[in-house]
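The values are calculated or read from the model by the stated rules, or taken from the named source; none is laboratory data. Small disclaimer: the values here were computed from a predicted structure and weren't measured. All Cβ positions, even for glycine, are placed from backbone atoms using ideal geometry, and neighbour counts span all protein chains on display.
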């Protein structure tokens, strides 16, 4: 699969969600993000809304061979990731293996 096609599908999905009046700023985008992650790394496993871990409760855990390889924290669509505060900032800073994305 060509990355450009994968990213186009992802941006198309984001636009479709933006056009839904009942969509939330963050959670409504998680499914599209999970699809993107699975297409980018078909061999990886992702756990959505995992149990609490030492850094808190990330939105996703990336597993490689059954072991945690990283954590993904999604923020509201369009959020300024350089200006996180409160729980989001603390959770992101708690682990060098945390990737934060604005869905």
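Scanning the stretch 19-37 for residues that are loosely packed, with under 14 Cβ neighbours inside 10 Å and within 27 Å of residue 67 (Cα to Cα) yields 27, 31. Checking each residue of the stretch 41-48 against the condition of being farther than 23 Å from residue 2 by Cβ, touching a residue at least 24 places away in the same chain (Cβ under 8 Å) and surrounded by 14 or more Cβ atoms within 10 Å (Cβ to Cβ) gives no match.
Filtered by the rule that a residue be surrounded by 14 or more Cβ atoms within 10 Å (Cβ to Cβ) and under 13 Å from residue 34 (Cα atoms), the stretch 49-62 gives 59, 60, 61, 62. If the condition is being assigned to a helix (DSSP H, G or I) and modelled with pLDDT under 85, then the stretch 80-95 contributes 81, 82, 86, 87, 88, 89, 90, 91, 92, 93.
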